[in-house]
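Shown next, in structure tokens, is the structure this report addresses.
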Amino acid sequence: MPGLQACAGILRALGRGILNRGADVRFENADGMKMPVSTRLEKGTYHWCRCGKTGNPPFCDGAHVGAGVEPLEFEVDVSSTKVLCSCGLTKNPPHCDGAHRDY
């Protein structure tokens, strides 16, 4: 998605890694969420769920505790609208890379 590349300087991932449970991973509590989340984020630090158990996809709600998987911490440098993966299939977290189209 070309628009996301333009945001690269604004949003930088502080951690690396993608969901660790295989290619068909989807958030458990994201029934019907096949599209990315387009949301306005204020400047600050956020946590994108990598365990798939959050009740608030795509953001971490602490459901990973004891699972051995940590959320991806990312920082928003300038308040703006972001397009975040809500299916859990992206290879460029927390950004949507269009992987939901093939699911």
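Please list, ordered by first then second residue, the pairs with beta carbon atoms under 8 Å, 6 or more apart or interchain, first in region 72-90 and over 18 Å from His100 (Cβ atoms), second of a type in the set (D, E, K, R) and surrounded by 20 or more Cβ atoms within 10 Å (Cβ to Cβ).
That search, which allows pairs on different chains as well, returns Val76/Lys82.
Taking into account only those residues within region 51-77 that are in a loop (DSSP other than H, G, I, E, B) and among the hydrophobic types (A, V, I, L, M, F, W, C), which is nearest to the chain's Cα centre (by Cα)? It would help to see each step written out before you state the result.
Our first condition is that a residue be in a loop (DSSP other than H, G, I, E, B); within region 51-77, this holds for 51-58, 60-71, 77.
From what is left, the residues that are among the hydrophobic types (A, V, I, L, M, F, W, C) are 51, 60, 63, 65, 67, 69.
Numbers: Cys51: 11, Cys60: 9, Ala63: 15, Val65: 18, Ala67: 18, Val69: 14 Å.
By that ranking, first place goes to Cys60.
Have a look at Asp102, Asp61 and point out the one that is surrounded by fewer than 20 Cβ atoms within 10 Å (Cβ to Cβ), within 14 Å of Met35 (Cβ to Cβ) and either among the polar types (S, T, N, Q) or out of contact with any helix residue (DSSP H, G or I) (no Cβ under 6 Å at 6 or more places or on another chain) (or both). Walk me through how you get there before you give the answer.
Values: Asp61 fails: within 14 Å of Met35 (Cβ to Cβ).
The unique qualifying residue is Asp102.
The numbers here are math on the coordinates, done by the rules we state, and not lab data. None of the values given here were measured: they were computed from a predicted structure. Counting neighbours? That spans all protein chains shown, and the Cβs are built from the backbone with ideal geometry, glycine included.
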